[in-house]
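Peer 1: Structure in structure tokens, see below.
Every number in this text was worked out from the coordinates using simple rules, so none of it is lab data. Quantities reported herein were computed from a predicted structural model and do not represent experimental measurements. Backbone-built Cβ (ideal geometry, glycine too); neighbour counts: all protein chains shown.
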Amino acid sequence: MTLKTILSAAVLTLAPTLALADGCGWEKKMNANQCADGQTFDTTSGTCVDQATS
């Protein structure tokens, strides 16, 4: 086997692993659609907070 073939095989083997290291997107992330009625999504804390009424 040549060095080029070995390096190509290594890259193709490790590519999916390195891509998943950044996060596969299966984590549960809170967004505005998950807030209950009367709450809004606070982007700084990443949670739902009670909506201020005036």
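Peer 1: What does the net charge come to around Gln51 if you take all other residues with beta carbon closer than 13 Å to its beta carbon, with K and R at +1 and D and E at -1?
Peer 2: On the way: positive: none; negative: Asp37, Asp42, Asp50.
So the surrounding residues net to -3.
Peer 1: Right, another one. Per 0.36 nm of contour for each residue apart, how much would the distance between Asp50 and Ala9 grow if the chain were fully extended, relative to their Cα-Cα spacing?
Peer 2: Values: separation 41, 0.36 × 41 = 14.76 nm, distance 5.31 nm.
Extra length from Asp50 to Ala9 when fully extended: 9.5 nm.
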